[in-house]
Amino acid sequence: MSSPGLRRRTPEPAEHRDALAAALDEVAAESFFAYVEPLDGDVTAGDDAWLEVEVGFAGAFGGALRVVLPEPLAHELHASFLGREPGRTPPDRELFDLAGEFGNMVCGRWLTRACGRRRFNLRAPLVHRSGPPPPDPDALCVAINGRPAWLRIRFEAAP
């Protein structure tokens, strides 16, 4: 039986907002040659198709990081990461793999930054097309290369 003082507390998304923003900024700049800026306004502006990435994690606490970005941004990130000319439309498999890797890299960097030496296991990213993300006060809304993006951490209740 565990005492109440020793129970693991489920974190709140707001506690991790700064670490998530810093991780996103680092991954975007270092691996995708992209810039991240705060977004004032509606993240859902535009009629583009969107990709949704979910990376689950388990360790000191569990949950998932969700990243939703417009498909044209995913195309830009794909070209930058692979050193290809922009404007080429990659096959869906390549695009989904790259979007998943982007989410995986952001999640891993965030957990390392926020939790130091604690161990986490990441699940393979799940990627699919979706509509624009819903309004969410806990989401981190940014512009990557001038295009909107939406990130949200969901924590699972501690056992």
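Values in this text are rule-based calculations from the coordinates and carry no lab data. Remember, it's a predicted structure, so these values are computed and weren't measured experimentally. Here the Cβ is made from the backbone with ideal geometry for all residues, glycine too, and neighbour counts use every protein chain on show.
Results, tabulated for the structure shown:
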item	result
Estimated translational D of the stretch 93-159 in µm²/s (Stokes, Kirkwood radius over Cα pairs; 20 °C; 1.002 mPa s)	153
Where GluC sites (Glu not before Pro) fall in DSSP loop in the stretch 56-155, at most 15 other Cβ within 10 Å	none
Gain on full stretching of the segment that runs from ALA49 to ASP136 - 0.36 nm per residue minus C-alpha separation	29.4 nm
Euclidean distance of C-alpha centroids, the stretch 103-149 and the stretch 25-102, integer Å	9
Under 5 Å, built H, 5+ apart or other chain: amide partners of TRP50	GLU71, SER130
Computed FRET value (nearest 0.05) for GLU30 with GLU156, which takes r as the C-beta separation and R₀ as 22 Å	0.15
Cα-based Rg of the stretch 21-147 normalised by 2.2 N^0.38 Å, two decimals	1.03
Between 0 and 90°, nearest 10: helix 71-82 axis offset from the chain longest Cα axis	90
Helix 92-115 vs. the chain, principal-axis angle (Cα, 0 to 90°, nearest 10)	40
Low-density loop cleavage sites - trypsin sites (Lys or Arg not before Pro) in the stretch 50-150, where at most 14 other Cβ are within 10 Å (DSSP)	ARG84, ARG88, ARG117, ARG118, ARG119, ARG123
Under DSSP loop assignment and at most 16 Cβ neighbours within 10 Å, longest chymotrypsin sites (Phe, Trp or Tyr not before Pro)-free interval of the chain	36-159
Amide H contacts of GLY62 (H built 1.01 Å from N, under 5 Å, at least 5 apart or other chain)	GLU156
The chain, dipole about Cα centre (Lys/Arg Cβ +1, Asp/Glu Cβ -1), debye to the nearest 20	980
Two-site FRET efficiency, GLU37 against GLU85, from Cβ-Cβ distance with R₀ of 22 Å, rounded to 0.05	0.35
